[in-house]
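Structure first, commentary second.
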Amino acid sequence: MAESAYCPVPRLIDPTTTAIREVLSGRRTGLRSALLFAGPAVIASIAYMDPGNFATNIQAGSHYGYSLLWVVVVANAIAMLFQALSAKLGIVTNRNLAEMCRDNFPLPLVLVMWVVSEIAAMATDLAEFIGGAIGLSLLFGVPMMVGMGITAVVTYAILLLERRGFRPMELAIGAMVGGIGLCYLLEILIAPVDWPAAVTGMAVPKIADLGALTIAVGIVGATVMPHAVYLHSGLTQNRAPARNPSERRKLLSFSNREVVIALALAGMVNIAMVMMAAAAFHEGHPEVAEIETAYHTLTPLLGAGAAAIFLISLIASGISSSVVGTMAGQMIMQGFVGFRIPVWLRRLITMLPAFVVVAMGVNATDALVMSQVVLSFALPVPMLALVYFTGRREMMGEYVNTRGLHLAAIAGCVVVLALNVLLLAQTFGIDIPGLA
């Protein structure tokens, strides 16, 4: 059995694994027992609450009010589907997606996929690192470089929890996910939300103009993250390997429930981001498009408390996303080419481009947007590979995708890839017939 890329230090006995075994065998029941299975989807859900989402959702709410909330709902449904497929691949095969690619595709293709996936993981991590630094810089009034240094230290400290097993890391990330959710619960309680308009925006598809289409493409294109699709299979592959078909079915059942709950929370956070921006900015400040501007505008509109909560959620998002990005990069490297590098070196490799970008004076929000463009190039790799593997009976056995599920996954690929092509075309000024 391949060594898990998530927990590199071998352990003969892990208390959480032992407890999970007791639940699978029927010797332990109850809500606390079910919570033992929470972790992988919670970690993956961070990808859907990263600083890139902050920028896109602020633009959606400030420019178009509540009318693009339905896009967030659709994007979240697609994300649920692909994260569930990724988790299933790890549980059924005890292999992660990168390892499956290495074992089943020609070497030249594997190397190309590895390079593209590593670039995507690093681009994601760079944006998340900068996002955390922006929050620290604005909240405490320190220079961006100092904020980046603090982010680096805190991120590395959290990554060291991995040495103690998978549960401490899951609990740490889960606490930050809960913190982000709490922050946005407070934000929508503070902001004067138009609830009837919000419900209508979630239920009725509407694209007002080409600008709305551009933002909608950005929302969907940045939702299904390549590194999250890779990582989820790695988080489930060796967490508690099934010893028989009964245990495997139970693991899949718990996994599917966790994916729905964790991704629903991530979706609600994104919905709350758009609602907060719509309530605070749409009527009087529709020009707000950057994180820094949003913070400075929130203070006179909703008070210093609302602005501080916004920054706290951004810091939690940036730090936790940066941790998860480093984990995904390690797993991708180990899965594709069979070796890993020390966490401190991985962290350094990701940090250096971010320091260079800030030192050059590049606008931080622009850097976040460009990272999403890089991800658009990389997204087809894990999505199509995942649909291919989970649709093959010789690999998945009785757990192969049903016809309906397979068609839904293909449809999800078509939607996301088509919108990403449109996003790239608009980014580089290429006219699309009928949309110009």
Open item on the list: Considering only the stretch 266-285, I want to know if a residue exists there that is free of Cβ contacts under 8 Å to residues at least 60 places away in the same chain and either surrounded by fewer than 24 Cβ atoms within 10 Å (Cβ to Cβ) or within 23 Å of the chain's Cα centre (by Cα) (or both).
Closed with: yes
- [ ] Considering each of I319, I332 in turn, give the residue that is out of contact with any strand residue (DSSP E or B) (no Cβ under 8 Å at 6 or more places or on another chain), part of a helix (DSSP H, G or I) and over 22 Å from S117 (Cβ atoms).
- [x] I319
- [ ] May I ask you to verify whether A121 is in contact (Cβ under 8 Å) with a residue 12 or more places away in the chain and within 21 Å of H232 (Cα to Cα)?
- [x] yes
Open item on the list: Here's a check for you: in the stretch 244-256, which residue that is touching a residue at least 60 places away in the same chain (Cβ under 8 Å) and among the basic types (K, R) is surrounded by the most Cβ atoms within 10 Å (Cβ to Cβ)?
Closed with: R248
Task: Residues that are loosely packed, with under 14 Cβ neighbours inside 10 Å and at pLDDT 75 or above, drawn from the stretch 418-436 - done: A418
TODO: Please name all residue pairs, on different chains or six or more residues apart, with Cβ atoms under 9 Å, provided the first residue is in the stretch 309-334 and is surrounded by fewer than 24 Cβ atoms within 10 Å (Cβ to Cβ) and the second residue is at pLDDT 85 or above and not in a helix (DSSP H, G or I).
DONE: Q334/N96
- [ ] With respect to V177, determine if the residue is out of contact with any strand residue (DSSP E or B) (no Cβ under 6 Å at 6 or more places or on another chain), exposed (fewer than 15 other Cβ atoms within 10 Å of the Cβ), at negative phi and not acidic (D, E).
- [x] no
- [ ] Go through the stretch 199-253 and give me each residue that's over 30 Å from F37 (Cβ atoms) and of a type in the set (S, T, Y).
- [x] T200, T214
- [ ] List the number of the failed condition for V115; all other conditions in (1) surrounded by fewer than 24 Cβ atoms within 10 Å (Cβ to Cβ); (2) in contact with a Leu (Cβ under 9 Å, 6 or more places away or on another chain); (3) assigned to a helix (DSSP H, G or I) hold.
- [x] (2)
- [ ] Pairs only if they're at least six apart or on different chains, beta carbon under 6 angstrom, first in the stretch 171-200 and under 18 Å from G132 (Cβ atoms), second surrounded by 15 or more Cβ atoms within 10 Å (Cβ to Cβ) and not aliphatic (A, V, I, L, M); list them, first residue then second.
- [x] I173/S320; M176/S320; I180/S313; I180/S317; C183/S313
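Let's see how each residue does on (1) among the basic types (K, R); (2) within 21 Å of R27 (Cα to Cα); (3) more than 21 Å from the chain's Cα centre (by Cα); (4) surrounded by fewer than 16 Cβ atoms within 10 Å (Cβ to Cβ):
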residue: G201; (1), (2), (3), (4): no, no, yes, no
residue: I219; (1), (2), (3), (4): no, no, no, no
residue: V229; (1), (2), (3), (4): no, no, no, no
residue: T236; (1), (2), (3), (4): no, no, no, no
residue: I261; (1), (2), (3), (4): no, no, no, yes
Task: So V415, is it touching a helix residue (DSSP H, G or I) at 6+ places or on another chain (Cβ under 9 Å), farther than 20 Å from L126 by Cβ, of a type outside the set (D, E, K, R) and at pLDDT below 85 - done: yes
Task: Subset of the stretch 383-393 [modelled with pLDDT of 90 or more, part of a helix (DSSP H, G or I) and within 30 Å of E118 (Cβ to Cβ)] - done: L384, A385, L386, V387, Y388, F389, T390
TODO: Kindly check whether there is at least one residue in the stretch 287-306 that is farther than 30 Å from V381 by Cα, buried (at least 23 other Cβ atoms within 10 Å of the Cβ) and polar (S, T, N, Q).
DONE: no
Task: Among the candidates L107, L161, L138, L97, residue that is surrounded by fewer than 24 Cβ atoms within 10 Å (Cβ to Cβ) and either within 30 Å of M360 (Cα to Cα) or touching a Phe, Trp or Tyr at 6+ places or on another chain (Cβ under 6 Å) (or both) - done: L138
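The values are calculated or read from the model by the stated rules, or taken from the named source; none is laboratory data. The shown structure was predicted, so the numbers you read here are calculated from the model rather than taken from an experiment. Positions of Cβ are backbone-derived with ideal geometry, glycine not excepted, and every protein chain shown enters the neighbour counts.
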